[in-house]
Amino acid sequence: MPLDPQIKQVMEATAALGLPAPYTVSPQEARANAKKRPRPAGPEVAKVEDRDIPSSDGDVPVRIYTPEGSGPFPILAWYHGGGWVVGDLESADATARDLCVGGKCVVVSVDYRLSPETKFPGPADDCWATTTWAVENAASINGDASRLAVGGDSAGGNIAAAMCLMAADRGGPEIALQLLIYPVTDVNFTTVSYSDNAEGFGLTKVTMEWYWKHYLASMDDASNPYAAPLQAKSLAGQPPALVITAEYDPLRDEGEAYAKRLSEAGVATTATRYDGVIHGFFNMNAVVDKSQQAVDEASAALRSAFAKSGAPNTAD
């Protein structure tokens with residue numbers, strides 16, 4: 001379908017900022033430019049706390065969002081997008097707040113190390129350390145260790161899928177839902193969506209190639225499922241999934257291919273394509289109706305998954 005009129009307005013406003021494409025500048029400049037984009041405030045939550053979580057590679061900053069109510073609450077570990085090169089706790093703040101309120105859960109937003117300074121598997125290792133910390137220390141964040149979900153957008157969706165693969169390989173923790181928002185799942189630039197949406201819709205093919213170049217230390221890692229989850233030999237036994245994709249997104253087909261493989265492996269999977277929208281639309285719910293629909297769908301999926309695992313949600 002044609003581009004959503006509200007998406008067009010966002011694209012025009014973004015273009016008016018005059019920011020250069022990430023691949024034309026250094027990673028450090030790309031990060032600085034990303035911070036110049038306007039960011040919605042997100043809803044109020046009961047509590048927000050910044051912490052540093054210990055890991056074998058040094059402390060990892062996290063921001064913990066707690067909803068209204070008495071708890072203990074289910075836990076969502078959230079990993080921001082940005083091609084593993086840009087993004088931080090601030091860029092993820094509004095979405096973390098939305099999912100804290102909508103999912104009625106504690107959200108642990110992870111400020112993992114970025115590439116190219118820290119290449120794969122460093123960022124994923126940071127997310128594993130913080131996710132397992134959240135489970136092992138659930139009581140300290142008013143969380144319920146028996147109700148854990150993982151999620152992220154774009155590169156964060158890639159990491160969320162990797163967390164589920166790691167959990168299967170490492171004997172837990174048990175994950176109630178993987179919330180994958182237009183996830184990166186493979187190093188493959190030949191899909192139809194890459195061809196149709198190579199440029200002109202925000203995220204471009206050349207930018208994704210630039211991100212991958214910074215993230216991987218070697219192209220040998222392109223076959224590692226923790227870097228490219230679609231390369232996993234089997235997805236049987238993986239956690240239930242909600243995979244959200246956007247019509248005008250180079251990553252559309254690989255996200256949908258991952259959802260298809262999950263479903264074929266017997267995993268309870270919902271795949272929803274939002275037509276007329278672009279990569280990044282999930283974070284635009286302040287001004288885009290379809291974005292709010294997607295946030296509502298994600299929130300409902302979290303509540304449903306949490307209701308099926310552990311004790312009843314006392315926030316209901």
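The values are calculated or read from the model by the stated rules, or taken from the named source; none is laboratory data. The shown structure was predicted, so the numbers you read here are calculated from the model rather than taken from an experiment. For neighbour counting, all protein chains shown are included, and Cβ atoms are generated from backbone atoms with ideal geometry for every residue, glycine included.
Brief remarks follow.
- Restricting attention to the range 26-58 and to residues that are assigned to a loop (DSSP other than H, G, I, E, B) and touching a Pro at 6+ places or on another chain (Cβ under 9 Å), the residue that is surrounded by the most Cβ atoms within 10 Å (Cβ to Cβ) turns out to be V45.
- Selection count, the range 136-152, where residues are under 19 Å from the mean Cα position of the chain (by Cα) and either over 16 Å from Y65 (Cβ atoms) or among the hydrophobic types (A, V, I, L, M, F, W, C) (or both): 3
Here is a yes/no grid of residues against (1) of a type in the set (G, A, S); (2) touching a helix residue (DSSP H, G or I) at 6+ places or on another chain (Cβ under 7 Å); (3) more than 30 Å from Q9 (Cα to Cα); (4) in a helix (DSSP H, G or I):
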position: S193; (1), (2), (3), (4): yes, yes, no, yes
position: G200; (1), (2), (3), (4): yes, no, no, no
position: V206; (1), (2), (3), (4): no, yes, no, yes
position: E209; (1), (2), (3), (4): no, no, no, yes
position: D220; (1), (2), (3), (4): no, no, yes, yes
position: Y226; (1), (2), (3), (4): no, yes, yes, no
position: P239; (1), (2), (3), (4): no, yes, yes, no
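- In the set (1) over 13 Å from P183 (Cα atoms); (2) in contact with a helix residue (DSSP H, G or I) (Cβ under 9 Å, 6 or more places away or on another chain), the condition left unmet by H279 is number (1).
- Among the criteria (1) touching a helix residue (DSSP H, G or I) at 6+ places or on another chain (Cβ under 9 Å); (2) assigned to a helix (DSSP H, G or I); (3) loosely packed, with under 14 Cβ neighbours inside 10 Å, the one Y23 does not fulfil is (3).
- Residue match in the range 278-292 (condition: hydroxyl-bearing (S, T, Y), surrounded by fewer than 23 Cβ atoms within 10 Å (Cβ to Cβ) and over 20 Å from A149 (Cα atoms)): no
- Subset of the range 59-100 that is touching a helix residue (DSSP H, G or I) at 6+ places or on another chain (Cβ under 8 Å) and in a helix (DSSP H, G or I) - its residue that is farthest from Q178 (Cα to Cα): A94
- The residue that is modelled with the lowest pLDDT, counting only those in the range 218-248 that are more than 15 Å from T185 (Cβ to Cβ) and hydrophobic (A, V, I, L, M, F, W, C), is M219.
- Residue selected from the range 203-255 under the condition out of contact with any Cys (no Cβ under 9 Å at 6 or more places or on another chain) and of a type in the set (S, T, N, Q), by the criterion nearest to P2 (Cα to Cα): T245
- Residue tally, condition over 18 Å from A94 (Cβ atoms) and touching a Ser or Thr at 6+ places or on another chain (Cβ under 7 Å), over the range 275-300: 0
- Selection status of R97, among the basic types (K, R), more than 17 Å from the chain's Cα centre (by Cα) and buried (at least 18 other Cβ atoms within 10 Å of the Cβ): no
- Matching option when the condition is buried (at least 16 other Cβ atoms within 10 Å of the Cβ), at pLDDT 95 or above and at positive phi, among W84, W78: W84
- Residues located in the range 136-175, provided they are small (G, A, S) and surrounded by 24 or more Cβ atoms within 10 Å (Cβ to Cβ): G143, A149, G151, G152, S154, A155, G156, G157, A160, A161, A162
- Scope the range 101-114; condition assigned to a helix (DSSP H, G or I) and either free of Cβ contacts under 8 Å to residues at least 12 places away in the same chain or surrounded by fewer than 22 Cβ atoms within 10 Å (Cβ to Cβ) (or both); matching residues: V101, G102
- Among the conditions (1) surrounded by fewer than 18 Cβ atoms within 10 Å (Cβ to Cβ); (2) free of Cβ contacts under 8 Å to residues at least 60 places away in the same chain, L230 misses just one, which is (1).
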